[in-house]
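This report concerns only the one structure given below.
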Amino acid sequence: MPILIDGHNLIGQMPDISLSDPDDEEQLIARLVALQRLRRSRITVVFDAGAHGAPWLPSEESRAGVRVIYAHPGQRADDVICALVRQARDRRGWLVVSSDRAVQDEVRRLGA
């Protein structure tokens with residue numbers, strides 16, 4: 001089952017990673033890489049606006065089996081997540097991780 005994660009949203013829910021930490025995204029990615037090795041699931045994590053708000057960095061990369069996407073400036077990770085679900089062939093097979101009620105409602109409506 002592919003897993004699609006709202007990165008900053010998840011960081012905000014974790015007791016041992018802080019959104020104010022300059023390497024919060026790297027800490028989460030490292031944990032997701034470890035999870036991917038255990039579960040062998042496709043994992044995609046989406047962050048708002050380039051790494052640490054730097055729009056000149058790549059908007060998508062792969063890290064040891066984890067797909068990392070940074071929303072373009074002016075775009076929200078929420079919108080990217082919903083677009084990815086819309087484009088999925090088998091939406092029911094996706095697990096979306098977000099505590100954002102609007103994202104939850106939209107991906108459920110789409111069948112994820």
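The values are calculated or read from the model by the stated rules, or taken from the named source; none is laboratory data. Keep in mind the model is a prediction, meaning the values are calculated, not measured. Note: areas computed on protein heavy atoms with side chains; ligands, DNA, RNA excluded. Shrake-Rupley method; radii C 1.70, N 1.55, O 1.52, S 1.80 Å.
The table that follows gives values for the structure above.
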read-out	value
Accessible area (Å², per residue) of the chain, counting only protein heavy atoms and a probe of 1.4 Å	57
Within the accessible area of segment 66-112 (1.4 Å probe), percent carbon and sulfur	46
Taking the convex hull of Cα positions in the chain, its mean projected area over all directions (nm²)	6.7
Kirkwood Rh, angstrom, segment 65-112 [1 / mean 1/r, Cα pairs]	11.3
Relative contact order, percent, the chain [alpha-carbon distance under 8 Å, six or more residues apart]	30
Long-range HN-HN contacts of residue 42 with modeled amide H, under 5 Å	3
Helical contribution to [θ] at 222 nm, DSSP H n ≥ 4, -39,500 (n - 2.57), averaged over the chain, rounded to 500	-12000 deg cm²/dmol
